[in-house]
Amino acid sequence: MCLLAVSKTFGVDAVQQAFAAGQRDFGENYIQEAVEKITALRDLPICWHCIGPIQSNKTRLVAQHFDWVHTIDRLKIAQRLSEQRPAELGALQVCIQVNVDGGATKSGVVPADALALAQQVAALPHLRLRGLMCIPEPTEDFAVACAVFTRAKDLFDSLNRAGLGLDTLSMGMSADLQAAVQCGSTLVRVGSAIFGARDYGAVGA
Ligand SMILES: *Cc1c(COP(=O)(O)O)cnc(C)c1O
């Protein structure tokens, strides 16, 4: 189980404190904010994960600064990241974001298209496809959360039966990580339960 500490809206001091306590994987949503932190903390051996949506005009910054991207949901973004990945950094580790519960406003590929996108992404030279990621609608109901996470786990297993060799199922946040872990998550993305409540007014996207 990997614990990803989601440090969006928190400053470099918060990241340094968590690092001193032994945390090595950090997640960020907003590219500009992230690049500032990554640059300020470049002397620390931190593994940085991009977990926010990526516009085409931000792919170069992402390819240059991050170790992982969890939010691949279309081939065009994956192609740009592969083309723009600096050779000396090695492959960018990526997950495909899947819209498992059909939320209309959410990003993510529909489950029926996940296999085809995964095969195309896996063929790109400077990316390494590691798994799937999902962000279900928040619910108080443990059984409902489990039903959705189980759909993601079933899709993950079916892609592996198709030979994709995935090892990462990125699901679960502060409010639903227990259900996610019970249903097969290998990586939980936890922000407020580690750093406290976020103040979105303090930081621009
Ligand atoms: C902010 C965020 C998280 C962390 O959320 P918390 O509820 O603070 O744990 C996890 N995943 C994604 C994609 C996020 O944007």
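The values are calculated or read from the model by the stated rules, or taken from the named source; none is laboratory data. The structure displayed is predicted, hence computed values, not measured ones. No Cβ is skipped: glycine too gets one built from the backbone with ideal geometry, and neighbour counts run over all protein chains shown.
Worth a mention:
- One residue stands out among those in region 91-126 that are surrounded by fewer than 20 Cβ atoms within 10 Å (Cβ to Cβ) and of a type in the set (Val, Ile, Thr): the one that is farthest from ARG151 (Cα to Cα), which is THR105.
- Enumeration of residues in region 111-145 that are under 17 Å from the mean Cα position of the chain (by Cα) and aliphatic (A, V, I, L, M): ALA114, LEU117, ALA118, VAL121, ALA122, LEU127, LEU129, LEU132, MET133, ILE135
- Answer residue from region 191-205, given it is in a loop (DSSP other than H, G, I, E, B) and near the ligand (Cβ under 8 Å from one of its atoms) and is modelled with the highest pLDDT among those: GLY191
- Residues of region 155-190 satisfying the condition of being assigned to a helix (DSSP H, G or I), more than 21 Å from ARG128 (Cα to Cα) and of a type outside the set (Val, Ile, Thr): LEU177, GLN178, ALA179, ALA180, GLN182
- Conditions (1) over 15 Å from THR71 (Cα atoms); (2) more than 16 Å from the ligand (Cβ to nearest atom): number failed by LEU129: (1)
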